[in-house]
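This report concerns only the one structure given below.
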2 protein chains.
Amino acid sequence: MRWPYIANVIGILLVFLGLSMVFTLVCSLIYADTSLVALIESMGVTIAAGLLLYFGSRRPTIDYISPREGIAIVALGWTVMGLFGALPFYLGDGLPHFTDAFFESVSGFTTTGSSVLTNIEGLSRSLLFWRSFIQWLGGMGIIVLSLAILPFLGVGGMQLFKAEVPSPVPDKLTPRLSDSAKILWYLYALISVAEVIFLLAGGMDFYDALCHTLTTMPTGGFSTKNTSMAHYDSAYLDYVVVVFMVIAGINFSLHYQMLRGRTLIFWRDSECRFFLGLCLVLSLVIAFNIHGTVYDSFGKAFQYASFQVVSIVTTTGFATADYETWPGLSQAIIFICMFIGASAGSTGGGMKCARVMVCFKYCYRELFVLVHPRSIVQVKLNAAVVPDSVLRSIMGFLALYMGLFVFSSLCLAALGMDMVSSFGAVAACIGNIGPGFGTVGPVDNFAHISAAGKWILIWCMLLGRLEIYTVIVLFVPEFWKK
Amino acid sequence: MRWPYIANVIGILLVFLGLSMVFTLVCSLIYADTSLVALIESMGVTIAAGLLLYFGSRRPTIDYISPREGIAIVALGWTVMGLFGALPFYLGDGLPHFTDAFFESVSGFTTTGSSVLTNIEGLSRSLLFWRSFIQWLGGMGIIVLSLAILPFLGVGGMQLFKAEVPSPVPDKLTPRLSDSAKILWYLYALISVAEVIFLLAGGMDFYDALCHTLTTMPTGGFSTKNTSMAHYDSAYLDYVVVVFMVIAGINFSLHYQMLRGRTLIFWRDSECRFFLGLCLVLSLVIAFNIHGTVYDSFGKAFQYASFQVVSIVTTTGFATADYETWPGLSQAIIFICMFIGASAGSTGGGMKCARVMVCFKYCYRELFVLVHPRSIVQVKLNAAVVPDSVLRSIMGFLALYMGLFVFSSLCLAALGMDMVSSFGAVAACIGNIGPGFGTVGPVDNFAHISAAGKWILIWCMLLGRLEIYTVIVLFVPEFWKK
Ligand SMILES: [K+]
Ligand SMILES: [K+]
């Protein structure tokens, strides 16, 4: 483990983070709010820390990064971003307790969207912008991490990629890191611009349209309104956000391929088909379930059902209705969706559709082998055989996900939380969704949780966002041995 | 699939079931209750059906049973036992609706212990005895099935054994089926006699001592009292039952080995160590959790904590307290325990400790491989390497268990049940536990569930008891092809 190199990379990231605060400064100047000084301080501290790390360390001459170093950079990188991203909230009187500020910041960078703010609209406009902006940065990080950086790392890097997205690799975008990153970010920005335009067309003002776009594309879910998207009470805006949540929940390399002319790619890709089918079928099921019992017209029922389903399946977490008041079936579906999550290679969290599909096929194979003991059956995804090592990695991922969900829920319950809220809060945080169940439902917030509980949830958000392995491997003694 | 052979075996089983009803007749005569006619009718119908099947079919001359036939016998056998075991309840005015009688009977034979009786003590003494007795028969079936019959089936039989207990095989008891069965049943009966004596010593009358023993040993959990074991309010009786629940939750081949002089076997066997450790640690954690909040003295807290923990971990389902009134941590632990279950080769249900242990080791291996990509690590249990095919089978089992838990819960919720009760009822039935959460907690019953809901839960009980694969493979088209 070459720490100087790791420090060097973290330093560069911090300088960029500090520089990106300039948008927030502009926002503060435009709205002449009270956060200007705090923002300048935060920017100064972040850039200074970044420069200190950068010049205090030395960039190794060999251009090779080991899997372990890669893992350390990823895990440490996200934590440090969370730490410095918390400064504006902490210094700007938004969240005077550091735990709260750190929670909100990690919830941003991991695109979780769970909030400790009891009055979101009470925050200054520049801090609200920062809150949305860090989700957008987190989304950028996730796309590039899972689709470009990790595969680029080569042999060891493929191992790392396995840690991040242990699922069949989509066609590599371009062989070189910088090119891939540029293309992906370009796409991400392009779709973001489109969403702003569509939201403006629905009558949203520019500030809100921008902020909501910055949290839709990374499937983040922070809103500038206390009542989230329910504030606007507009079917047009709801459906615009639904469409863009779906787009954000699709593997970004498919978007790239579609722009390159492969127009049927969304249908041809089996994970995408599964994801789109899941959104549609569950929206219909819940619409029928809440039609009559909660909403009189089927149109309204479908509007609210599809919004909530897509919001949870894509792990965005926006809300237009309180699903905790819906019938048992709808609640159970929403709870299960928190685990499934969006597509691999998207900005969404959860277990990912590809892994769930592979798990289905894995089980089917076991049943087939029971009937035909001597047959050899291979698990395929998109007509390609999934190698045994990848299968093992996926099954291990799913088991670790469930195991850590249980472990973290028990820790939260040990702090005095009730059972449903413990399970709900951890499911929401480890899946990077945002709202959960019980006392942390879509119309609640995470403010009432004890400081220790917030640290457990911060741990869950990082676990989920960095695909479990990258974080949990740090606790394996072998990781630290020569 | 040679159906005549299958019918022949089922016929033999039915004749034995009919003959075993003679104990119930004796019970009815002793207490001079009103069920005598119904019992004679049930006995007649069962024996007649058995003889009809036996003589209507022909025993094949070749002494070989294919894996598929074995699976069909197991799945069909348990269902048919449930069907004819329901007759006394149905004809004896105990449960006038056939769905209810069938539910209660399957709950007996699968040693689940979920009841649709709203007033247990209102049933005649002979029917209450039958209710306990079928659990004892179910337990006999499970031990012999998992430890003697399945391994005895040879090559194809090992595949079947894999379906029943896809876990490292404990040392085979004796090479021949009949010997193994005799030894196991002897042991089972011997321990049962011991429990009756200990219960009598605590002041329980003979009828109750016998009935509770008949439901402790198979980890069944049916009680003759409305308030289950809480009725006796005796620390001595509670601890006696705790000890015998623990014994019933241990692999019966270990009991055999201990009687053969290997006195440290419980400690040497890693699954048994895990199981005993789990019971002890969770009892202590819950005792501390409910001490002060629910019970003033730690002694009382430990008494109720250990009883409830052991009752759920061993999947017995007796109750001395309503864990739904306990703090969140205790409830969450109890809920998780419903999935873990007892040891493989015991009469307990759930996923089984051995599978959970193997899953832990599987995950650890994946983390190890991430750090050392080129290393080959083998998963071991009791110092023996677990072959890859067994590992796959176990991971598939766990995934199927969770998947079917989710699927069945959604079906139950679709019938209008609330989320927590749906998850609780299915967890309780698929794990063969008995009481669940929500409206089916330890002081509630399953009577209020709709007929369709009861059929879903009957399906869950059979799924869990026959180790998932044996039932679910019937739904794979390949199973029915030549
Ligand atoms: K989110
Ligand atoms: K039971």
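The values are calculated or read from the model by the stated rules, or taken from the named source; none is laboratory data. Treat the numbers as computed from the prediction; the structure is a model and nothing was measured. Please note: Cβ atoms are built from the backbone with ideal geometry, for glycine as well, and neighbour counts cover all protein chains shown. Remember, those area values only see protein heavy atoms, side chains included, never the ligands or the DNA or RNA. Shrake-Rupley method; radii C 1.70, N 1.55, O 1.52, S 1.80 Å.
Tell me, what is the FRET efficiency for B:Arg58 and A:Val476 to the nearest 0.05, using R0 = 56 angstrom and their Cβ-Cβ distance as r?
Working: r = 60 Å, r/R0 = 1.07.
After rounding, the FRET efficiency stands at 0.40.
Given 20 °C and 1.002 mPa s, how large is the Stokes-Einstein diffusion coefficient of chain B in µm²/s, with Rh as the Kirkwood radius over Cα pairs?
Values: Rh = 22.6 Å.
Calculated translational D: 95 µm²/s.
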Name the long-range amide H neighbours of A:Ser124: under 5 Å, sequence gap of 5 or more, or other chain; modelled H, no Pro or chain starts. none
Filtering chain B for DSSP H helices with an axial alpha carbon extent of at least 27 Å and a Kyte-Doolittle mean of at least 0.0 returns B:3-31, B:36-56, B:125-144, B:177-201, B:270-290, B:353-371, B:388-414
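Give me the net charge for the shell around A:Val240: Cβ to Cβ below 13 angstrom, other residues only, Lys and Arg +1, Asp and Glu -1.
It works out to a net charge of -3.
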Quick check on the protein assembly as shown: helices-only [θ] at 222 nm, where DSSP H runs of length 4 and up contribute -39,500 (n - 2.57) each and the sum goes over total residues. Nearest 500, please. -21000 deg cm²/dmol
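Kindly state, to the nearest 0.05, the FRET efficiency for A:Leu200 paired with B:Asp322, given R0 = 56 Å and r defined as their beta-carbon distance. Mind showing how you got there, number by number?
Numbers: r = 56 Å, r/R0 = 1.00.
Computed FRET efficiency for A:Leu200 and B:Asp322 comes out at 0.50.
Kindly flag which residue pairs out of B:Lys361/B:Lys481; A:Lys225/A:Lys454; B:Lys182/B:Lys352; A:Lys300/B:Lys454; A:Lys361/A:Lys454; A:Lys361/A:Lys481 have an alpha-carbon separation exceeding 30 Å in this structure.
Details: B:Lys361/B:Lys481 37 Å; A:Lys225/A:Lys454 22 Å; B:Lys182/B:Lys352 24 Å; A:Lys300/B:Lys454 33 Å; A:Lys361/A:Lys454 37 Å; A:Lys361/A:Lys481 37 Å.
Correct reply: B:Lys361/B:Lys481; A:Lys300/B:Lys454; A:Lys361/A:Lys454; A:Lys361/A:Lys481.
How much length is gained if the chain between A:Ala447 and A:Lys380 is pulled fully straight, taking 0.36 nm per residue apart and subtracting their Cα-Cα distance, in nm to one decimal?
Numbers: separation 67, 0.36 × 67 = 24.12 nm, distance 4.48 nm.
Contour length minus Cα-Cα distance gives 19.6 nm.
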Expected vector for the range B:116-121, Karplus 3J(HN,Hα) from phi with 6.51, -1.76, 1.60 and θ = phi - 60°, integer Hz, x for Gly and Pro, equals 9, 7, 8, 9, 4, 5
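If a/c stays under 1.5 just call it rounded; otherwise compare a/b with b/c (prolate if a/b is bigger, oblate if not). Do that for the range A:240-370, with a ≥ b ≥ c from the square roots of the Cα gyration tensor eigenvalues. Write down the numbers at each step before the final one.
Details: a/c = 2.13, a/b = 1.32, b/c = 1.61.
In terms of gyration-tensor shape, oblate.
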Other residues with Cβ under 10 Å from the Cβ of B:Lys352 give, with Lys and Arg +1 and Asp and Glu -1, a net charge of -1
For the range A:179-213 and the range B:179-236, what is the centre-to-centre distance using only Cα atoms, to the nearest Å? 68 Å
Round to a whole angstrom and tell me the spacing of the C-alpha centers of the range A:340-415 and the range B:339-376. 15 Å
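Kindly state, to the nearest 0.05, the FRET efficiency for B:Tyr364 paired with B:Thr263, given R0 = 25 Å and r defined as their beta-carbon distance. Please list the in-between numbers first.
On the way: r = 31 Å, r/R0 = 1.25.
Efficiency, rounded to the nearest 0.05: 0.20.
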So how long is each side of the range B:226-308 along the principal axes, counting just the alpha-carbon atoms, biggest first, in Å? 43, 27, 17
Under the rule a/c < 1.5 gives rounded, and otherwise a/b versus b/c splits prolate from oblate, where does the range B:394-455 land using the Cα gyration tensor? prolate
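Take the solvent-accessible surface of the protein heavy atoms, probe 1.4 Å, and return the percent of it on the protein assembly as shown that carbon and sulfur atoms account for. Please list the in-between numbers first.
Numbers: 23900 of 34950 Å².
So the carbon and sulfur contribution to the accessible surface is 68 percent.
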Amide H neighbours of B:Lys380 under 5 Å, counting only residues 5+ apart in sequence or on other chains, H built in-plane at 1.01 Å? B:Val386
Run through the other copies and list how far each one's label point is from that of A:Arg260, in nm with one decimal, shortest first; the point sits 7 Å from Cα along Cα-Cβ. 6.4
Would you mind giving the total buried accessible surface between chains B and A, with a 1.4 Å probe and ligands, DNA and RNA left out, rounded to the nearest 100 Å²? 4300 Å²
Taking 0.36 nm per residue of sequence separation and subtracting the Cα-Cα distance, how much length would be gained by fully extending the chain between B:Phe98 and B:Tyr207, in nm to one decimal? 36.5 nm
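With +1 on each Lys and Arg Cβ and -1 on each Asp and Glu Cβ, how big is the dipole of chain A about its Cα centre, in debye rounded to the nearest 20?
On the way: 27 positive and 27 negative charges, 380 e Å.
That gives chain A a dipole magnitude of about 1820 debye.
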Treating the point 7 Å from Cα along Cα-beta-carbon as the label, what are the nm separations from A:Leu190 to the other copies, to one decimal? 7.7
Under a crude label model (7 Å from the Cα following the beta-carbon direction), how far is B:Val45 from B:Asp388 in nanometres? 5.3 nm
For a test of the definition: using alpha carbon positions, the gyration tensor, and the 1.5 limit on a/c, classify the range B:6-132 as rounded, prolate or oblate. prolate
Using only the Cα atoms of the range A:290-447, construct the convex hull and provide its projected area averaged over every direction, in square nanometres to one decimal. 11.8 nm²
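Given 25 °C and 0.890 mPa s, how large is the Stokes-Einstein diffusion coefficient of the protein assembly as shown in µm²/s, with Rh as the Kirkwood radius over Cα pairs?
83 µm²/s
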Positive end of the charge dipole of the protein assembly as shown (Lys, Arg +1 and Asp, Glu -1 on Cβ, about the Cα centre): tell me which of B:Thr118, A:Ala384, B:Ala230 has its Cα farthest that way. A:Ala384
